[in-house]
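The values are calculated or read from the model by the stated rules, or taken from the named source; none is laboratory data. Note that the structure is a prediction, hence the values are computed from the model and not measured. Cβ sites come from the backbone with ideal geometry, for glycine too, and all protein chains shown count toward neighbours.
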Amino acid sequence: MNFLTLDLNLLRVFDAVMTEQNLTRAASRLAMTQPAVSNALRRLREALDDELLIRTAHGVKPTARAEALWPIVRNALSDLEAAVAPTEFDISKISLTFRMAMADATAVLWLPPLVKAIENEAPNIDMRMVPLTTRDPRPMLMRGDIDLAIGIFPGIAAQLASVADSAVRHERLYTSRYVCVMRKGHPLAAKELTVDDYCSANHLLMSFSGRAHGSGDEALAQMGRKRRILLTVNQFFTAGRVVASSDLVTVLPRHLIASTGMTDMLIAKELPFDLPEVEVDMLWHERDARNPAHRWLRNVVTRMTSEAVDSGWLSK
């Protein structure tokens, strides 16, 4: 290959396809037809003498050469984009719509200050909330269904951190811990909670999938114990309402108790066993990493989280 004769536009196509992992989405992003994208990839394959991307049932899979080449191409294109991009950006003059996914309890805590920031700083931006029914929003980000996801995604951040050039980015917003929640008049409310007490109670489990098994069950299994899950629900607000009016107990992140609207009727007890910390993350796609409007949105989320922690409004 002679670099002097290489069409550098082919590298833009390569970057888009690697980012999207899908030819159709890459073509849409580049404002090209899919045949034109396929033709550009064919020319780049011939120039590099490597298949680069192999078609699969779910899109395309990069070869080892493509995996090694992509971070170099992406960093170079990023530097070029920064060099030619406008030096001034005024979010107050931008008109666009963001799509965000988060659970109901997360939305209760994060949306009011976010809306205030939009009203004060970006009056022409609209927000569209998309239901979050999974602990792994990466497919939604890859398909372009959403622009940002905020929530508790166990194990996802560690997976992303282990991949040097993942198409999905993340930022840790906040850490909290799990507590046992029950109504204030519950028979167990006035005493220190033991493993026997915990296992003898009937439980409500917050589960997006409806599967009656959670991290608490795994911890109990290690002790040779188990609990009865009488009810599963898929909304934190519903969990709070049910527990406040019954003898069911549940496990919730401490910082989400306020979002149930039942704070005055509930009490939080320390669990009689250890569970991993609650990690609240913000996830977005690489395609939006350098977008100034998207960067503004991420900065607002980070800023209002820090302010909430500093003020004590968001407690651990």
Name the pairs whose Cβ atoms lie under 8 Å apart, with the first residue in region 136-156 and in the same structural domain as ASP288 (by TED's automatic domain parsing), the second β-branched (Val, Ile, Thr) and in a loop (DSSP other than H, G, I, E, B), and 6 or more positions between them or separate chains? PRO137/ILE146; MET140/THR134; MET140/ILE146
Hey, does region 180-187 have a residue that's under 23 Å from the mean Cα position of the chain (by Cα), buried (at least 18 other Cβ atoms within 10 Å of the Cβ) and either hydrophobic (A, V, I, L, M, F, W, C) or at pLDDT below 95 (or both)? no
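Can you tell me which residue is farthest from ASN2 (Cα to Cα) among those in region 29-66 that are part of a helix (DSSP H, G or I) and within 27 Å of the chain's Cα centre (by Cα)? Talk me through it step by step, then tell me what you get.
If we filter region 29-66 for residues that are part of a helix (DSSP H, G or I), which is where we start, we get 29-30, 34-48, 64-66.
Of the ones still in play, those that are also within 27 Å of the chain's Cα centre (by Cα) are 29-30, 66.
On the way: ARG29: 28, LEU30: 25, ALA66: 18 Å.
The selected residue is ARG29.
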Subset of region 296-316 that is touching a strand residue (DSSP E or B) at 6+ places or on another chain (Cβ under 8 Å) and charged (D, E, K, R) - its residue that is farthest from PHE89 (Cα to Cα): LYS316
Pick from region 193-220, criterion closer than 16 Å to LYS269 by Cβ and without any contact (Cβ under 8 Å) to a residue 40 or more places away in the chain, ranking: surrounded by the most Cβ atoms within 10 Å (Cβ to Cβ): CYS199
Count - residues of region 254-286 that are assigned to a strand (DSSP E or B) and either of a type in the set (Gly, Ala, Ser) or within 30 Å of SER166 (Cα to Cα) (or both): 9
Could you tell me whether any residue of region 23-36 is among the charged types (D, E, K, R), farther than 29 Å from ILE150 by Cβ and not assigned by TED's automatic domain parsing to the domain that holds ALA149? no
Among the residues of region 166-176, is there at least one that is surrounded by fewer than 16 Cβ atoms within 10 Å (Cβ to Cβ), at pLDDT below 95, assigned by TED's automatic domain parsing to the domain that holds ARG135 and assigned to a loop (DSSP other than H, G, I, E, B)? yes
Exception for THR232 within (1) crowded, with 18+ Cβ neighbours inside 10 Å; (2) closer than 21 Å to ALA107 by Cα; (3) under 22 Å from the mean Cα position of the chain (by Cα) falls at (3)
Confirm whether VAL300 is under 28 Å from ALA158 (Cβ atoms), more than 15 Å from the chain's Cα centre (by Cα) and either touching a residue at least 12 places away in the same chain (Cβ under 8 Å) or not assigned by TED's automatic domain parsing to the domain that holds VAL195 (or both). yes
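Have a look at ALA258, ALA268, ALA293 and point out the one that is touching a strand residue (DSSP E or B) at 6+ places or on another chain (Cβ under 8 Å), touching a residue at least 60 places away in the same chain (Cβ under 8 Å), assigned by TED's automatic domain parsing to the domain that holds ARG225 and not polar (S, T, N, Q).
Result of the check over ALA258, ALA268, ALA293: ALA268.
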